[in-house]
Amino acid sequence: MADKAAANLAGIRDVADLGNLQLVVAGLSEGVLLIDPDQTILWANDAALQMHGVATLDGLGGTVDDYRRRFELRYRNNHKLDAGEYPIERVISGETFNEVTVEVAPAGENEARWVHQIRSIVLVDKEGEPECLVLVMLDVTERADAEERFSQAFNANPAPALIGRLSDLRIIKANQGFLDMTGFERDRLVGRTVYEVDLFGRAAHREVAHERLAEGRAVPQMESELTLPDGTDKLVILAGQPIDYADQNCMLFTFADLEPRRKAETAMRHSEERFQQAFQLAPVAMVVASRKRHMLFHANRAFQDLTGYADDHLVGHTAGEIMLWDTAATRRRLEEHVETIGSIRNVDAKVRMSDGGLLDCLVSAATVDMAGDVSVLWVIQDITERRQSELELVTAIETVMADASWFSRNVVEKLANLRAQQSGAPAKEITELTAREKEVLSLACQGEDDAAIALTLGMSRTTVRNHVSRIYGKIGVNKRGAAIVWARERGLAKAPFRPASRS
């Protein structure tokens, strides 16, 4: 076979013109196979042998049929080449081709070892008949491996993405993230153009996108709305980056799904609208202020009616600037409590009206989220009339308390509660009183005056008055009637008094 190859090579040298020889020489830096039209493999350079994992020409097989039996070829889509489809067979038939890419493996192995990019040259004699056939091979295994890794990463990436070919702007690849986001089926998407899918039809900067695509330049991030297969729309951020993929100039399109954000914004807008409606219709006075400076920026109708302030006189001012509270100390106390704790509930405070008058109020406050900013909602309940009624009631009680024994304990306890709510002072405990002070107070609850108490307890009236004064100081009152209410609330007058035995 070696003699025949040598004879054929000699014939080639005799008959091939200079142009054909130059073609062969130019390909020697790549893998080169020379095949006789009778299907004999004549010669291979070292690069061609290395690309097949053999050391000599015999390792390739003496003929085309031997080569096909020794090596298994597949296209990149894993389609196995059958007899007649091998590049070495196609060139035997006189076919010329450029850049046919195949995976090559020794027969019997499942995994490909090499990836070859092959082109053919047909050398003809003076009569134009094929005289020598040439296969020129380029080892693109590393590049193919890199593309495979990219493809795996592309498909596994949850971020939606497409690859489009720049030459015709057709989509050649779509990852699962894009399919999941849009509901497209891969076979109905791949092969369509960017314009058919309408990626930039409703983009914020559509003209810029089209211009960059035509020039093959990066497309900057922009918002766009995609029309999905079910007819609905999806808001996305879209960008494009030029890449080389599968030996083609392509554009990698990446997407970010903005639909959850749009739904959240819509829900927030509806929530704020409902809040505004409830805020304005609420019968109790409410005002919204910033948390840091306590700048007022919205007050409902009930607040304006209560205080006399118009909305435009409030907005942009702090509570201190309009002197909303009776004193600066009240304002600082309320604001510091909100800043520290985050809320207050039913705190007594006086609110100053626009005409300077003061209102007794219960004040509550809580932090709220207003369009992403933390604000404070103040709720103010006017209790001026109720407080006045309570004061009048307590005054009436004190007037008749000289003979309070006819009040039922239940009534006295309720009145005592009103008095305690009015004063706002912390309750004093019975244990703070001495035994003798309890005796004096118990007799007072039964309607006894100082003289009667002195007689019953065997002490002077001056001593009785001193005990009464100390009782006032301990329980935080300054009138006899208030002391009696306090004592009855705590059960010091449940039964007729019996003085303690004295030794």
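Mind checking the dipole of segment 62-102: about its Cα centre, +1 per Lys or Arg Cβ, -1 per Asp or Glu Cβ, Debye to the nearest 20?
Details: 7 positive and 8 negative charges, 39 e Å.
So the dipole magnitude of segment 62-102 works out to roughly 180 debye.
Just flag the GluC sites (Glu not before Pro) in segment 68-121 sitting in loop per DSSP whose Cβ has no more than 13 other Cβ atoms within 10 Å. Please list the in-between numbers first.
Numbers: sites: GLU72, GLU85, GLU89, GLU95, GLU99, GLU103, GLU109, GLU111; in loops: GLU85, GLU95, GLU99, GLU109, GLU111.
The qualifying sites are GLU95, GLU99, GLU109, GLU111.
Eigenvalues of the Cα gyration tensor times 5, then square-rooted: what semi-axes does that give for segment 164-297, in whole angstrom, largest first? Can you show the working numbers first?
Working: eigenvalues 379, 59, 26 Å².
Square roots of five times the eigenvalues give 44, 17, 11 Å.
Under 19 Å from a point placed 7 Å out from the Cα of ASN98 along the Cα-to-Cβ direction: which residues of segment 112-137 have their backbone N that close?
The answer is 116-123, 134-137, whose backbone nitrogens lie closer than 19 Å to the label point.
Take the eigenvalues of the Cα gyration tensor for segment 24-149, scale each by 5, and report the square roots as semi-axes in whole Å, largest first.
Details: eigenvalues 107, 46, 41 Å².
In descending order the semi-axes read 23, 15, 14 Å.
Could you point to the residue in PRO130, PHE97, ALA156 farthest towards the positive end of segment 74-165's charge dipole, with +1 and -1 charges on the Cβ of Lys/Arg and Asp/Glu respectively?
It is ALA156.
So how strong a dipole does segment 109-201 carry about its Cα centre when Lys and Arg Cβ are +1 and Asp and Glu Cβ are -1, to the nearest 20 debye?
Details: 11 positive and 17 negative charges, 91 e Å.
For segment 109-201, the charge dipole is close to 440 debye.
Give the average over all directions of the projected area of the C-alpha convex hull of segment 159-228, one decimal, in nm². Don't skip to the end; give the middle numbers.
On the way: hull surface 17.5 nm².
Averaged projected area of segment 159-228's Cα convex hull equals 4.4 nm².
Leaving ligands and nucleic acids out of the surface, order HIS116, HIS467, HIS79 by accessible area at 1.4 Å, largest first.
Values: HIS116 0, HIS467 25, HIS79 85 Å².
Putting HIS116, HIS467, HIS79 in descending order of accessible area: HIS79, HIS467, HIS116.
Mind putting a number on the dipole of segment 17-174 about its Cα centre? Charges go on the C-beta only, +1 for Lys and Arg and -1 for Asp and Glu, and I need it in Debye to the nearest 20. Numbers along the way, then the final one.
Details: 15 positive and 27 negative charges, 172 e Å.
Dipole magnitude for segment 17-174 comes out near 820 debye.
So what is log10(I(q)/I(0)) for segment 66-221 at q = 0.13, 0.15, 0.19 1/Å, when the Debye sum runs over its Cα atoms only?
-0.82, -0.95, -1.17
Can you pick out the pairs among LYS80/LYS173; LYS263/LYS292; LYS234/LYS292; LYS438/LYS479; LYS350/LYS479 whose Cα atoms lie more than 27 Å from each other? It would help to have the intermediate numbers written out before the result.
Details: LYS80/LYS173 22 Å; LYS263/LYS292 30 Å; LYS234/LYS292 38 Å; LYS438/LYS479 16 Å; LYS350/LYS479 25 Å.
Violating the 27 Å limit, Cα to Cα: LYS263/LYS292; LYS234/LYS292.
Going through segment 65-129, which trypsin sites (Lys or Arg not before Pro) have at most 11 other Cβ atoms within 10 Å and a DSSP loop state?
Values: sites: ARG68, ARG69, ARG70, ARG74, ARG76, LYS80, ARG90, ARG113, ARG119, LYS126; in loops: ARG76, ARG113, LYS126.
For trypsin sites (Lys or Arg not before Pro) across segment 65-129 that sit outside H, G, I, E and B with at most 11 neighbouring Cβ atoms in 10 Å, the list reads LYS126.
Output the Cα-based Rg and Dmax of segment 224-326 in Å, rounding Rg to one decimal and Dmax to a whole number.
For segment 224-326, the Cα-based Rg and Dmax read 24.6, 80 Å.
What is the distance in Å between the Cα centroid of segment 228-305 and that of segment 130-157?
47 Å
For the peptides 254-265, 473-484, what is the packing order when you average, over each peptide's residues, the other Cβ atoms within 10 Å and list the highest mean first? Don't skip to the end; give the middle numbers.
Numbers: 254-265: 14.3, 473-484: 18.0.
The most tightly packed comes first, giving 473-484, 254-265.
In whole Hz, what ³J(HN,Hα) sequence does segment 223-228 give by Karplus (6.51, -1.76, 1.60; θ = phi - 60°), x for Gly and Pro?
Once θ is set to phi - 60°, the couplings for segment 223-228 become 7, 8, 10, 9, 8, 8 Hz.
Averaging over all projection directions, find the projected area of the Cα convex hull of segment 257-378 and quote it in nm² with one decimal place.
Working: hull surface 32.3 nm².
That works out to 8.1 nm², a quarter of the Cα hull's surface.
Which one of THR182, ALA256, LEU226 is farthest out on the positive end of the charge dipole of segment 179-296, using unit charges on Cβ (Lys, Arg +1; Asp, Glu -1) and the Cα centre as origin?
The one lying farthest along the dipole's positive direction is ALA256.
The values are calculated or read from the model by the stated rules, or taken from the named source; none is laboratory data. Quantities reported herein were computed from a predicted structural model and do not represent experimental measurements. Glycine gets a Cβ as well: all are built from the backbone with ideal geometry, and neighbour counts include every protein chain shown. The area values use the complete protein model at the heavy-atom level, side chains included, leaving out ligands, DNA and RNA. Shrake-Rupley method; radii C 1.70, N 1.55, O 1.52, S 1.80 Å.
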